[in-house]
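Reading through the structure tokens given below for one structure.
Nothing in this text is a laboratory measurement; each read-out follows from the coordinates by a stated rule. Bear in mind that the values here come from a model prediction, so they are computed numbers and not experimental data. Glycine also receives a Cβ, built like all others from the backbone with ideal geometry; neighbour counts cover every protein chain displayed.
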Amino acid sequence: MSTGILKAQGLCKSYKNKQVLHNLDLTIEPGKIYGLIGRNGAGKTTLLGILTAQNTKDGGQVTYNGQDVWENQQALNDICFSREMQSTMFYGRNNLKIKHYLKSAAIYYPNWDKDYAQRLLEEFKLEPQKKIYQLSKGQLSMVTITIALASRSPITILDEPAAGLDVVMRERFYQLLLEDFAQTNRTFLVSTHIIEEAASVFEQVIILDEGRILENCPTEELVDQFRYISGREDEVDRVCAGLEILSVHQMGRHKTVAVRGSGVKLEDARKADVDIAPMNLQNVFVALCSHGDAQ
Amino acid sequence: MHGTLNDQSLIYLQIAKMLEDDILRGVYQEEEQVPSTNELARGYNINPATAAKGINLLVADGILYKKRGIGMFVSQGAGEAVKQKRKAAFYDGYVKPLVKEGASLNLSGEELLAMVHRAIEEGEPL
């Protein structure tokens with residue numbers, strides 16, 4: 001599938017007095033599955049909305065293959081942002097049926113795959129006649145996922161698709177995502193709070209923190225830069241000199257430090273009398289984004 | 001393939017190790033095809049790029065080779081190559097920590113060697 005580069009430069013966005021995106025740059029390259037992780041209120045949904053021209057921005061630029069995406073039908077034809085469904089609409093129930101959403105998706109997305117949508121509905125045991133307000137949170141997620149996958153858009157963006165799903169369905173969702181990715185090699189950008197089980201699916205991880213991109217790099221490359229080092233206080237301090245220290249826990253003379261360093265420096269630590277343990281993506285995320293909230 | 005991804009090491013290293021284990025156990029014999037990147041990705045719910053990285057590691061070590069348009073195959077002498085690689089890793093991963101732990105317990109070299117001999121005698125015959 002020929003997909004282009006989606007690029008944001010110098011994005012700024014404020015809601016009233018609160019600035020949510022700070023001069024943010026981001027490049028989404030074709031043929032990869034990206035994970036977008038960030039804490040509540042980090043600006044994930046705002047960012048995704050602006051990338052897909054569904055939300056306005058105060059400054060900066062979003063381009064797809066060099067063309068501005070704003071009101072650009074040609075660019076937006078290639079991009080699907082399947083938003084979370086709401087069971088209420090304005091001040092009442094959302095009386096639309098699943099089939100209405102699928103029908104409008106078929107109009108919006110030029111690559112819409114009707115058979116695939118049908119298969120997914122069966123897989124999720126969703127009845128097209130059902131009204132949106134009658135669906136559970138998990139079922140709402142399934143409709144969102146169905147639309148995203150069946151859109152067959154070269155760039156497909158999902159905001160918290162796993163949030164309402166039980167653990168079995170979450171696993172199934174990532175399987176479906178990988179199956180489709182293997183076939184089409186299209187670009188996916190998926191935001192999630194449930195980090196660890198998604199880590200192996202993401203080739204590239206984007207960490208958004210307080211409206212700024214902290215990291216955008218291959219998941220394993222990022223995780224491999226972090227370690228826990230623990231042992232006797234003085235020995236740990238000696239080993240950690242010159243390494244970036246992210247958090248410290250101390251119990252008596254025993255000290256555990258979360259560090260970030262290059263491979264060479266971490267190799268030095270191996271010779272010392274300390275224990276070195278790897279981190280997973282969730283540990284890395286907490287170390288980078290907790291700002292002292294987690295203990 | 002067997003096993004699950006659960007330990008803390010990087011996933012592509014775990015994929016490489018599982019393939020090596022299967023070569024040692026004869027699950028995949030020399031000149032036989034191993035699962036493709038996409039099969040591994042599907043089987044373990046991992047990104048195909050990660051699976052490819054694991055496979056490429058074994059290609060670089062001469063354990064697997066690529067037949068164009070067909071897939072990845074086990075090289076001649078792959079079992080022996082895996083054993084050689086594991087022996088080097090055994091020294092770094094087991095023997096060195098053993099000596100280090102012995103030193104922290106103030107065991108002398110002779111005492112440590114005597115313990116190793118005893119373990120060999122008590123253990124399964126080689």
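Would a scan of the stretch B:86-96 turn up a residue that is surrounded by fewer than 17 Cβ atoms within 10 Å (Cβ to Cβ), within 14 Å of the chain's Cα centre (by Cα), of a type in the set (Asp, Glu) and more than 14 Å from chain A (Cβ to nearest Cβ)?
no
If I ask for residues that are surrounded by fewer than 19 Cβ atoms within 10 Å (Cβ to Cβ) and within 14 Å of chain B (Cβ to nearest Cβ), which ones from the stretch A:20-38 would you list?
Matches in the stretch A:20-38: A:Glu29, A:Pro30, A:Gly31.
Of the residues that make up the stretch A:85-104, is at least one closer than 22 Å to A:Ser191 by Cα and either crowded, with 21+ Cβ neighbours inside 10 Å or under 19 Å from the mean Cα position of the chain (by Cα) (or both)?
yes
Go through (1) closer than 30 Å to B:Ala52 by Cα; (2) buried (at least 16 other Cβ atoms within 10 Å of the Cβ) one by one and return the number of the condition A:Thr63 breaks.
(1)
Could you check how many residues of the stretch A:271-294 are within 14 Å of chain B (Cβ to nearest Cβ), without any contact (Cβ under 8 Å) to a residue 24 or more places away in the chain and in a helix (DSSP H, G or I)?
Selection size over the stretch A:271-294: 0.
Examine the stretch A:179-198 for a residue that is of a type in the set (Ser, Thr, Tyr), in contact with a strand residue (DSSP E or B) (Cβ under 6 Å, 6 or more places away or on another chain) and more than 13 Å from A:Ile33 (Cβ to Cβ), and state whether such a residue exists.
no
Can you confirm whether A:Leu158 is outside any helix (DSSP H, G or I), in contact with a strand residue (DSSP E or B) (Cβ under 9 Å, 6 or more places away or on another chain) and away from chain B (no Cβ under 14 Å)?
yes
Would you mind stating whether A:Leu121 is buried (at least 18 other Cβ atoms within 10 Å of the Cβ), of a type outside the set (S, T, N, Q) and not in a helix (DSSP H, G or I)?
So A:Leu121 fails the test.
Out of the stretch A:224-256, which residues are within 11 Å of chain B (Cβ to nearest Cβ) and either assigned to a strand (DSSP E or B) or among the hydroxyl-bearing types (Ser, Thr, Tyr) (or both)?
Passing the criteria: A:Arg227, A:Tyr228.
Answer yes or no: is there a residue in the stretch A:97-112 that is within 17 Å of A:Gly164 (Cβ to Cβ) and of a type in the set (Ser, Thr, Tyr).
yes
Can we say A:Tyr133 is part of a helix (DSSP H, G or I), of a type in the set (Ser, Thr, Tyr) and within 14 Å of chain B (Cβ to nearest Cβ)?
no
Would it be correct to say that B:Leu105 is in contact (Cβ under 8 Å) with a residue 12 or more places away in the chain and of a type in the set (A, V, I, L, M)?
Against the criterion (in contact (Cβ under 8 Å) with a residue 12 or more places away in the chain and of a type in the set (A, V, I, L, M)), B:Leu105 does not qualify.
Out of all the residues in the stretch B:85-101, is one or more closer than 20 Å to A:Glu179 by Cα and out of contact with any strand residue (DSSP E or B) (no Cβ under 8 Å at 6 or more places or on another chain)?
no
Give me the strands (runs of 3 or more DSSP E) completely within the stretch A:12-115, filtered to those with at least 1 residues that are touching a Gly at 6+ places or on another chain (Cβ under 6 Å), ordered by residue number.
Qualifying strands (runs of 3 or more DSSP E): A:18-28, A:59-64.
Of the residues A:Tyr91, A:Tyr64, which is hydroxyl-bearing (Ser, Thr, Tyr) and in contact (Cβ under 8 Å) with a residue 24 or more places away in the chain?
A:Tyr64
Looking at the stretch B:56-69, can you tell me whether even one residue there is within 14 Å of chain A (Cβ to nearest Cβ) and under 15 Å from the mean Cα position of the chain (by Cα)?
Yes, the stretch B:56-69 has at least one match.
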